[in-house]
C-alpha cells in the first residue's frame with residue numbers, strides 16, 4: 001500500500017512539473033476560457049434592438065400620427081416614417097430594413113367608429129428570428145399605444161380581459177443572463193476534453209508514455225496520476241469563469257458554492273475521462289485535438305440545449321443528448337445562476353454525470369490495458 005502511494009505521489013508530482021514547464025496546459029486552462037467567455041459575453045446576444053423598419057403613414061389623422069410616433073420612440077426599432085409605401089417596400093426588398101408597418105388611410109375613421117382598425121405588419125421572413133422579433137415588438141408597441149389611448153379617452157375601465165405577463169427568474173429577459181452560464185458549460189466541455197486528450201497524446205508521441213508503462217505502476221495509478229493535476233486546473237478554470245460571469249458580466253448567482261462545486265466535480269470527471277479515452281484511442285496530438293473538438297465542442301454546442309431547445313429535436317437526436325455531459329452542466333449552471341439550489345433538478349444531473357464518468361474511466365482502463373499487452 002505504501003509503495004502504491006509513493007508511486008502515485010511521484011506520478012502526480014511529475015504531472016505538476018510538466019504542467020508548469022509546458023505553457024500549453026496553462027493556456028488551455030486559463031487563457032482559453034477567458035477569451036471564449038469574453039466572446040460569448042460581449043459578442044453573442046439573442047436580444048434584438050434597434051431593428052430597422054419602415055412605417056407607411058397613409059392616414060393624416062391625429063391618432064395615426066401618434067401611433068407612428070410610438071414606433072419612432074420605441075427602443076427596439078429604428079423607424080423610418082414615410083407616406084410612400086412603395087419606397088419603404090423597396091427598402092425591405094433590398095435588405096435595408098427588416099419590417100414594414102402599414103397604417104392604412106382609413107385607420108382614424110375606423111377607430112372613431114369603434115370598429116376594428118387593423119395595422120398591417122410585414123416582416124422579412126428570410127431571417128426567421130428577426131421576423132418574430134419584429135412581429136412581437138410591433139404588437140407590443142401597438143398594445144401600449146392602445147392602452148394610452150383608452151386612458152386619454154377615459155375608457156380604460158371598459159376594456160375587456162387583458163393579459164398580465166410575469167417572467168420568473170429572468171424578469172428583464174436579458175439573454176446574457178442565460179447565455180453566459182450556458183457558455184461556461186460549453187467552454188468547460190472544450191477545456192476538460194482538451195486538457196487530457198492533448199497532454200497524454202503528446203506523451204505517446206514523445207515515447208514517455210511507453211517508458212512510464214515500463215515501470216511497476218498500474219493502470220489505475222496512471223489514470224489517477226494524470227487526472228488529479230488537470231482536474232485541479234479545470235476546477236480553477238471553472239471558478240474563474242463563474243467569477244468573471246458574476247463580477248464582470250453582472251449575471252446573478254442565486255445558488256450555493258457547495259452545489260456549484262458538486263456540479264463542477266461531476267462534470268470535470270466526465271470531461272476528463274472523455275479526454276483520457278480520446279488520448280488512448282489516438283496517440284497523435286493533431287488527431288486527438290480534432291476528435292476532442294468533434295466529440296467535445298460540437299455536441300456540447302448543438303445538443304446541450306444551450307442554443308437549441310432539446311424538446312424541439314427529433315426523437316433519435318433527443319435520445320443522443322442523454323449521453324452528452326454538457327447537457328446536464330448547462331441545465332445545472334442555468335439553474336444555479338438564475339433560480340438557486342433546486343436539488344430535485346440538480347442532484348439527478350450530478351448523478352448522471354458521475355455515472356458517465358465511471359463508464360468513461362472503465363472503458364479507458366480496459367483500452368489502455370489491452371494496448372499494453
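FYI, it's all coordinate maths here, none of it is from the lab. Because the structure is predicted, anything quoted here is derived from the model rather than measured. All Cβ positions, even for glycine, are placed from backbone atoms using ideal geometry, and neighbour counts span all protein chains on display.
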Equivalent-ellipsoid semi-axes of segment 251-373, from the Cα gyration tensor, Å, largest first
28, 17, 13
Crossing angle, helix 325-338 versus the chain [Cα axis fit, 0-90 degrees, rounded to tens]
50
Restricting to the chain, what percent of DSSP beta bridges are antiparallel, rounded to 5?
25
Highest-MSF residue in the chain out of 247, 306, 40 [GNM, Cα springs under 10 Å]:
247
Label 7 Å along Cα→Cβ of residue 14; segment 211-255 residues with amide nitrogen under 20 Å?
211-233
Sites residue 261 and residue 65, calculated FRET efficiency, Cβ-Cβ separation with R0 45 Å, nearest 0.05:
0.15
Please work out the FRET efficiency for the pair residue 83 and residue 148, using the Cβ-Cβ distance as r and a Förster radius of 30 Å; give the result to the nearest 0.05.
0.80
Length gained when the stretch residue 318-residue 359 is fully extended (0.36 nm per residue, less Cα-Cα span):
12.7 nm
With labels modelled as points extended 7 Å from the Cα through the Cβ direction, what inter-label distance (nm, one decimal) is found for residue 250 paired with residue 106?
4.9
Full-stretch length increase - residue 38, residue 220 - with 0.36 nm per residue and alpha-carbon distance subtracted:
61.7 nm
Estimated distance in nm for a label pair at residue 6 and residue 30, the labels positioned 7 Å out from Cα along Cα-to-Cβ:
3.4
What would the Debye equation give as log₁₀ I(q)/I(0) for segment 194-245 at q = 0.13, 0.21 Å⁻¹, counting only Cα atoms as equal point scatterers?
-0.41, -0.80
Stokes-Einstein D in µm²/s, Kirkwood radius over Cα pairs - segment 51-158 at 37 °C with 0.692 mPa s viscosity
232
Need one number: nm distance between label points at residue 243 and residue 22, each 7 Å from Cα along Cα→Cβ, rounded to one decimal.
2.6
Given 10 Å bins starting at zero, what is the percent of C-alpha pairs of segment 1-119 in each, up to the one with the largest pair distance?
12, 23, 16, 10, 9, 9, 9, 8, 5, 1
To two decimal places, what compactness ratio does segment 105-147 give when its Cα radius of gyration is scaled by 2.2 N^0.38 Å?
1.39
Ratio for the chain, C-alpha Rg to 2.2 N^0.38 Å, reads 1.35
